[in-house]
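So the structure is just underneath, and the comments pick up after that.
The values are calculated or read from the model by the stated rules, or taken from the named source; none is laboratory data. Every value quoted in this text rests on a predicted model; they were computed, and no experiment measured them. Cβ placement follows ideal geometry from the backbone for every residue including glycine, while neighbour counts extend to all protein chains displayed.
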Amino acid sequence: MLFPILSILAGLVVLVWSADRFVIGAAATAKNSGMSPLLIGLTIVSFGTSAPEILVSLMASLSGSGNLAVGNAVGSNIANIALVLGITAMIAPLPVKSAVLKKEIPLLVGVTLLAGALLYDLHLSLTDGIILVTALLFCLVLFAKFQQSSDPDDHLNDEAEEIPEMATKTAIFWLVLGLTLLIISSRMLVWGAVEVATQMGVSELVIGLTIVAIGTSLPELAASVASALKKHHDIALGNVVGSNIFNLAAVMAIPGFVNPITMDAVAFNRDYLVMLAVTITLVIFCLIQKPARINRLEGGLLAAAYAGYMFVLYTMSI
């Protein structure tokens, strides 16, 4: 048991660090190649915070652990809203830009409902994967249009502009090293998670919803808390909305492409419905105040809801 646990811990630490190195290297390489900050923000920055989930989902699917992959995607979305936004709002209330409320959040709700329709039969097929990736491409096109009509303070442009100056050789080094370590660490994490689940008699779905989901949400938590402390409040919410769309449309699509699976019924009846509930709660919290904001009380309620969800998972798994 000790070695699988160490594999999980080491995998999580290296996964988070290598994701950051990968994004910096990829963004600097793209910048040196002449890509615009807008395009970098829409692609590399948005993809970067979901890279751990994507790699873990791929490795889990290749290992025949599709339920872990689905649990990772759904669990990460629950953690992003209830845990990440909850803690961030408790540190500093989050004002919600009208553009995010009118454009990006409705897209998140739409993709969440689409994912529910595809999960309802408890089977993720190749067709489902194609539908989800098509939805992702549609969202990226809309994001591009949103960015072109937005003000220059938008969070994606802000993040893209913060790319450090770096020689191309150095950027490529971090890109290759980051990607290599992402692959290795995600494999370590999946192996350790499957071993722990097997030895403890806990389902792979629950492991994906808890240890793996929280671990792969650490980049979002770190970025959001740092943004809140720097008073870049819109970056925190934008990170979560964009990452959740990627999780559903990209991460959840992977099992359909690699190894179509039939899921446990509880994955929809409990976990998807919790994800839908916290997503709708986020919308409600954004709407009940003028101007739109998520205050400390609402952040505390979200964090408490996440703690309650973890308790339910624990009691149902013992």
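Rundown of residues vs (1) charged (D, E, K, R); (2) surrounded by fewer than 17 Cβ atoms within 10 Å (Cβ to Cβ); (3) in contact with a Lys or Arg (Cβ under 6 Å, 6 or more places away or on another chain), yes/no style:
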{"residue": "271", "(1), (2), (3)": "yes, no, no"}
{"residue": "279", "(1), (2), (3)": "no, no, no"}
{"residue": "282", "(1), (2), (3)": "no, no, no"}
{"residue": "286", "(1), (2), (3)": "no, no, no"}
{"residue": "290", "(1), (2), (3)": "yes, yes, no"}
{"residue": "296", "(1), (2), (3)": "yes, yes, no"}
{"residue": "299", "(1), (2), (3)": "no, no, no"}
{"residue": "308", "(1), (2), (3)": "no, yes, no"}
{"residue": "313", "(1), (2), (3)": "no, no, no"}
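Of all residues in the range 165-208, those being among the hydroxyl-bearing types (Ser, Thr, Tyr) and either more than 28 Å from residue 313 (Cα to Cα) or free of Cβ contacts under 8 Å to residues at least 60 places away in the same chain (or both) number 4. Criterion applied to 97, 102 was being crowded, with 16+ Cβ neighbours inside 10 Å, closer than 28 Å to residue 301 by Cα and of a type in the set (Lys, Arg), and the one residue passing it is 97.
Using the structure shown, decide if residue 227 is closer than 21 Å to residue 54 by Cα, at pLDDT below 90 and of a type outside the set (A, V, I, L, M, F, W, C). Judged against the criteria, residue 227 is not a match. Checked against (1) touching a helix residue (DSSP H, G or I) at 6+ places or on another chain (Cβ under 7 Å); (2) in contact (Cβ under 8 Å) with a residue 24 or more places away in the chain, residue 280 passes all but condition (1). Taking residues in the range 297-318 that are in contact (Cβ under 8 Å) with a residue 24 or more places away in the chain and acidic (Asp, Glu), and partners anywhere that are buried (at least 19 other Cβ atoms within 10 Å of the Cβ) and assigned to a helix (DSSP H, G or I), the pairs with Cβ atoms closer than 7 Å and at least 6 places apart or on different chains are 298/89; 298/285.
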